[in-house]
1. With all protein chains present, how much of the accessible area of segment 66-159 (probe radius 1.4 Å) comes from carbon and sulfur, to the nearest whole percent?
2. For segment 112-168, give the magnitude of the charge dipole about the Cα centre (Cβ charges: +1 Lys/Arg, -1 Asp/Glu; no others), in debye to the nearest 20.
3. What are the ³J(HN,Hα) values, in whole Hz, obtained from phi via the Karplus relation 6.51 cos²θ - 1.76 cosθ + 1.60 with θ = phi - 60°, for each residue of segment 51-66 in sequence order, with x given for Gly and Pro?
4. Tell me the net charge near Gly89. Cut-off is 13 Å between Cβ atoms, Gly89 excluded, with +1 for each Lys or Arg and -1 for each Asp or Glu.
5. Heavy-atom accessible area per residue, segment 49-98, 1.4 Å probe: how many Å²?
6. Hey, can you find the accessible area per residue of segment 120-161 for me, probe 1.4 Å, expressed in square angstrom?
Amino acid sequence: MRTLVVAPLVALLMTVGGCAAPAVTSPTPGSTAGAAPSVTVPSSAAPVSAVDVAAGEIDEGVVVDVPDAGDGVGVTFREITIAPGAGTGVHCHHGQLIAVVQAGELTHYAATHPDGVRVYATGEAIIEGAGYPHEGVNEGDEPVVLWVTYVIPEGQPLAETDLDRCGP
């Protein structure tokens, strides 16, 4: 069992750390049972590249909190495009949403904002917490493009439209 856990973990850590996936060798026959496999990194390791696809700023601290995540947490990355004059409809989330406005301006209606509304421009980050009803509307003349990360309890929808299930 230890070999099954260690090999993928080492491969992941080496890849994230900027190395190519390592070659994993199983213990030799007759070796101590349960011994960890040996790991060698090829000398011709391929480069690893990273591309920032979205970046935004927000003027407050961020704490990711997913209440009632007894069955685990799902993470989904999604691009959402909202046509001029369209909106998301009033909804809430059971977990947390972190987004960046890639294009356009999103008018966000929620009781959590002073005066109940805030406009997010291109390059701004949006944090939506669990449980409160809100709606995003494109009141501009060009499409709004959002790059969104959802951190939601397993088995729950990304957006809850049954408002009776929102809030305490």
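1. On the way: 2320 of 4460 Å².
C and S fraction of accessible area: 52 percent.
2. Numbers: 2 positive and 11 negative charges, 38 e Å.
Here the size comes out at about 180 debye.
3. 10, 6, 9, 7, 8, x, 10, 9, 8, 9, x, 10, 10, 7, 10, 10
4. Values: positive: none; negative: Glu135, Glu160, Asp162.
Result for the local shell: -3.
5. Details: 3400 Å² over 50 residues.
Accessible surface, normalised per residue, equals 68 Å².
6. Working: 1710 Å² over 42 residues.
Accessible area per residue, segment 120-161: 41 Å².
The values are calculated or read from the model by the stated rules, or taken from the named source; none is laboratory data. In this text the structure is predicted, and so the values were computed from the model without any measurement. Note: ideal-geometry Cβ built from the backbone for every residue, glycine included; neighbour counts use all protein chains shown. Remember, those area values only see protein heavy atoms, side chains included, never the ligands or the DNA or RNA. Shrake-Rupley method; radii C 1.70, N 1.55, O 1.52, S 1.80 Å.
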